[in-house]
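In what follows, a structure is listed as structure tokens, so that the remarks can point back to it.
Every read-out reported here was derived from the displayed coordinates using simple, explicitly stated rules and does not represent laboratory data. Every value quoted in this text rests on a predicted model; they were computed, and no experiment measured them. Every residue, glycine as well, gets a Cβ built from its backbone with ideal geometry; the counts of neighbours run over all protein chains shown.
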Amino acid sequence: MELYVPVLALAVLAAGFAIFSVVMSSFTGPKRYNRAKVDAYECGIEPTPNALSGRFPVKYYIVAMLFIVFDIEIVFLYPWAVHLDALGWFGLAEMAIFLATVFVAYAYVWRRGGLDWD
């Protein structure tokens, strides 16, 4: 159990910092609101009616989900690469199956046009 003490201490420290930041920003932040401050900000461009409605195209969410899926792949690849010698042939075969599955998903998304920005 003592192996988890540093992890718990770091989690408590991170949560404490987050809570402290939110509370202090409400105390020290500006209190005078006007129309310009509460208006949506789009890099200095006047907000468009589409942005004010709060609806975004589904393509934004699909790209976000694809990023998460392929980012999680790295989470599995890194420990495998570090302990490749200890895993032997079984680890190599298991990772080949995993990479084949991810490659099939990547090819499917590519063929469906999920990576096109148009």
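Which ³J(HN,Hα) values, rounded to whole Hz and listed in residue order, are derived for region 8-13 from phi using the Karplus coefficients 6.51, -1.76 and 1.60 in 6.51 cos²θ - 1.76 cosθ + 1.60 with θ = phi - 60°, glycine and proline given as x?
Working through the residues one at a time gives 5, 5, 5, 5, 5, 5 Hz.
Within a 10 angstrom radius of the beta carbon, how do Glu2, Glu73 rank from fewest other beta carbons to most? Walk me through the numbers on the way to the answer.
Working: Glu2 5, Glu73 16.
In order of increasing Cβ crowding within 10 Å: Glu2, Glu73.
Run the numbers for Tyr4 and Ala96: contour at 0.36 nm per residue of separation, minus the present Cα-Cα distance, in nm.
Working: separation 92, 0.36 × 92 = 33.12 nm, distance 3.27 nm.
Result: 29.9 nm gained on full extension.
Using the Karplus curve 6.51 cos²θ - 1.76 cosθ + 1.60 with θ = phi - 60°, work out ³J(HN,Hα) for each residue of region 104-116 in order, rounded to whole Hz, and write x for Gly and Pro.
4, 5, 5, 5, 4, 5, 5, 5, 7, x, x, 9, 7
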